[in-house]
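Report on the structure given below.
The values are calculated or read from the model by the stated rules, or taken from the named source; none is laboratory data. Here the structure is a predicted model, which means the values were calculated and not measured. So basically every Cβ, Gly included, is an ideal-geometry build from the backbone, and we count neighbours across all protein chains shown.
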Amino acid sequence: MPRHREFDPNKVLDTAVLLFWKKGFFDASVDELVRLSGVAKYGIYGTFGNKRELFEKVLSQYAEDRRKDIQSPIRKKDASLPEIVGFFKSLPNKLTKKEFQYGCLMVNTGVELGARDAEFSHIVKAFFDESTQVMCECLDRAVVQNQLEKTTDTKRVAHYLITEFRAVLMLAASGHTRKELQQHLDIALRVLQ
């Protein structure tokens, strides 16, 4: 009887995240994940399911990782205007680091699959809808704390700011410099003045 090889599913998932982030859904393969992880194909399928199911888990893990790193300033319990500004001011530095050289997996997935695959389009939309809700809550607190005018339409401003977040993610992936990203965001942040 063949011996089952032990492996850490979290490490394999991290490897899969990087693979799909770098290559996209269509160009990444389970065979390549087998090669990169050293885990047999049956182990990957047995743990994660088929390629679509694996990719769903990859997107879920990627979203969770982004909530904890890039989006952490706006996800603080009492985040308001200073955290929003800090979030946007930190993006050019973060997005030009090596770990983000492939852009944003959510944005990339939206571009690659959004018009072709309703399920993946929904996952991407849900991620950015949740980000918009988080931003709206920050803006609501900013209004309560008199950091913004009482008449601020926080839902519309939140939608605009997350759209600009998505835009700067694409610009970073296209090779724009820190300075160019910051100039773009400086103009976007004028909506908060």
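Just checking, how many residues over the range 147-190 are of a type in the set (Asp, Glu) and either outside the structural domain of residue 130 (by TED's automatic domain parsing) or not in a helix (DSSP H, G or I) (or both)? Lay out the reasoning, then the answer.
At the first step, the residues of the range 147-190 found to be of a type in the set (Asp, Glu) are 149, 153, 164, 180, 186.
In the following step, the residues that additionally are either outside the structural domain of residue 130 (by TED's automatic domain parsing) or not in a helix (DSSP H, G or I) (or both) were identified as 149, 153.
Number satisfying all stated conditions: 2.
Just to check your reading of the model, which residue among 54, 105, 19, 33 is under 30 Å from residue 182 (Cβ atoms) and of a type in the set (A, V, I, L, M)?
Numbers: 54 fails: under 30 Å from residue 182 (Cβ atoms); 19 fails: under 30 Å from residue 182 (Cβ atoms); 33 fails: under 30 Å from residue 182 (Cβ atoms).
Sole residue among the options that is under 30 Å from residue 182 (Cβ atoms) and of a type in the set (A, V, I, L, M): 105.
Conditions tested, residue by residue: (1) surrounded by fewer than 20 Cβ atoms within 10 Å (Cβ to Cβ); (2) outside the structural domain of residue 165 (by TED's automatic domain parsing); (3) aliphatic (A, V, I, L, M).
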residue	(1), (2), (3)
20	no, yes, no
34	yes, yes, yes
38	yes, yes, no
53	yes, yes, no
79	no, no, yes
87	no, no, no
101	yes, no, no
108	no, no, no
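Looking at 44, 70, can you tell me which residue is more than 22 Å from residue 166 (Cα to Cα), crowded, with 16+ Cβ neighbours inside 10 Å, free of Cβ contacts under 8 Å to residues at least 40 places away in the same chain and of a type outside the set (Gly, Ala, Ser)?
Details: 70 fails: more than 22 Å from residue 166 (Cα to Cα).
Testing whether each residue is more than 22 Å from residue 166 (Cα to Cα), crowded, with 16+ Cβ neighbours inside 10 Å, free of Cβ contacts under 8 Å to residues at least 40 places away in the same chain and of a type outside the set (Gly, Ala, Ser) leaves just 44.
When you look at residue 125, is it under 30 Å from residue 55 (Cα atoms), assigned to a helix (DSSP H, G or I) and basic (Lys, Arg), yes or no?
Values: under 30 Å from residue 55 (Cα atoms): yes; assigned to a helix (DSSP H, G or I): yes; basic (Lys, Arg): yes.
The answer is yes for residue 125.
What are the residues in the range 1-55 that are of a type in the set (A, V, I, L, M) and either in contact with a Cys (Cβ under 9 Å, 6 or more places away or on another chain) or part of a helix (DSSP H, G or I) (or both), if any? I'd like the intermediate steps shown before the answer.
So the first thing to find is which residues in the range 1-55 are of a type in the set (A, V, I, L, M), and the list is 1, 12-13, 16-19, 28, 30, 33-34, 36, 39-40, 44, 54.
The answer is 12, 13, 16, 17, 18, 19, 30, 33, 34, 36, 44, 54.
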